[in-house]
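Please read the structure below before turning to the comments.
The values are calculated or read from the model by the stated rules, or taken from the named source; none is laboratory data. The model shown is predicted, which means the values in this text are computed figures rather than measured ones. Glycine also receives a Cβ, built like all others from the backbone with ideal geometry; neighbour counts cover every protein chain displayed. To get the accessible areas, we keep the full protein, side chains included, count just its heavy atoms, and leave off ligands, DNA and RNA. Shrake-Rupley method; radii C 1.70, N 1.55, O 1.52, S 1.80 Å.
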Amino acid sequence: MTPFDSTRPIRMMMASEFTHGSTARGLVGGFRALGWDVAEVDVLNFVVRGRSRMSRAAARLLWNNSIAEYNAEILRIAELNKVEVFLTIKGVNIARSTVERLRANGTRVVVFYPDVLFDHVGVDEAVLAATDLIVTTKSYHAPYLDTLVGPAGHAFVHHGYCPSAHSRRHAPNAIPYRWDIGFIGNASPHKAAHLAAVARAFPDQRFVVIGNGWTGLARGTPLAPHVLGAALTGDYFARAIEETRINLAVHHGEVGPDKWQDLTSTRTFEIPAAGGFMLHVDNDEVRALYEPGCEIDVFNSDEQLIERIGHYLTNEGERAAIAEAGHARCVPAYSLEARAGEIAALLMERGLLDKVR
């Protein structure tokens with residue numbers, strides 16, 4: 001059991017990227033709202049960043065040293081402040097020796113994993129296996145994590161939205177819509193197939209596709225004229241949602257040897273939080289979060305997707321009422337700050353902390 005002074009707040013440290021709208025930025029606010037003291041160690045303070053060829057070359061040259069300094073700072077801050085809980089997003093660039101030393105000093109090590117696969121650059125399965133708890137946002141990870149860490153070593157908590165970024169700016173009856181139909185997310189062939197069907201069905205509607213990788217994938221297809229050509233982040237990401245009448249939530253498709261496929265994602269929460277009407281791929285998980293036809297709507301085929309878009313383009317009052325109800329269901333219940341409270345409760349339930357102070 002982690003030793004602590006019950007007269008002081010719980011001492012926590014988070015290590016990740018803390019950009020505006022990020023998972024880490026949302027969670028850290030939640031832990032502070034619980035009354036915890038939280039130190040932030042931002043990996044972006046240790047790596048060379050830039051778009052030029054020289055910057056990229058410098059980043060590669062200094063990478064190992066940068067990550068070593070990042071891990072050294074984690075240990076320094078943890079030992080200086082006698083940190084009780086260390087949480088990192090996906091465990092990216094965290095050394096196994098860092099995890100082992102933290103745990104040897106009595107610090108509980110938690111990984112919050114909001115992604116589909118575990119083969120990302122900087123993610124080490126051996127590091128994940130050495131932690132106290134892996135909290136995943138993907139329900140289908142359970143069999144894999146049972147094998148990796150055992151049932152007691154992992155838990156499921158839904159993802160959420162970051163309140164500081166994913167919020168409304170307009171009154172619901174005064175939204176200056178830029179687009180009728182929109183999709184925001186990284187490109188994949190599975191997504192492109194659905195979105196191309198939409199482009200063919202609604203050639204005269206204002207349709208936008210925003211995210212990384214779309215320019216090449218959409219070239220020569222009906223999607224090409226609708227691609228923004230760049231990703232949007234933070235406040236501008238939220239505004240693109242709010243200023244689009246119908247926001248499509250389509251996931252990547254099957255990935256990896258286990259053919260995992262998302263049921264929900266960050267968009268499941270960010271779209272309603274930002275005031276957007278959401279048309280989401282249908283499944284039991286999203287139905288447990290929202291009531292279709294009242295707070296969002298759903299589809300399970302291209303034909304149904306096109307029919308639902310057509311319906312809501314011609315029924316503005318119904319669409320706006322659903323968007324408002326979806327926002328009310330999502331905010332604040334599905335925020336990352338609320339998820340921080342769920343993680344704190346898990347730590348208590350699993351005996352990793354004695355109590356919340």
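Quick look at the values:
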read-out	value
Relative contact order %, the chain, counting alpha carbon pairs below 8 Å whose residues are six or more apart	18 percent
Sequence-separation-based contact order of segment 178-275, relative, with Cα cut under 8 Å and 6+ spacing, percent	33 percent
Dipole in debye (nearest 20) - the chain, about Cα centre, beta carbon charges: Lys, Arg +1; Asp, Glu -1	1080 debye
Option label - Rg and Dmax of the Cα atoms in Å computed here, alternatives (i) 25.9, 85; (ii) 20.0, 59; (iii) 21.4, 65	(iii)
In the chain, lysine pairs closer than 22 Å at Cα, eight or more apart or cross-chain	6
Cα→Cβ-extended label distance, 7 Å offset, between residue 52 and residue 8, nm	4.5 nm
Computed lengthening from residue 320 to residue 333, 0.36 nm per intervening residue step minus Cα-Cα distance	2.6 nm
Nitroxide proxy distance, nm - points 7 Å out along Cα→Cβ at residue 152 and residue 20	4.5 nm
Label-zone membership for segment 182-208, site residue 215, 7 angstrom Cα→C-beta point, backbone N under 15 Å	187
Cα→Cβ-extended label distance, 7 Å offset, between residue 177 and residue 72, nm	5.6 nm
Selected from 46, 183, 269 as most flexible by GNM, with the chain as the system and alpha-carbon contacts under 10 Å	46
Per residue accessible area of the chain, 1.4 Å probe, in Å²	44 Å²
Contact order relative to length of segment 82-132, as percent, for alpha carbon pairs under 8 angstrom and 6 or more apart	48 percent
Within the accessible area of the chain (1.4 Å probe), percent carbon and sulfur	52 percent
Descending Cα extents along the principal axes, segment 2-119, whole Å	52, 29, 26
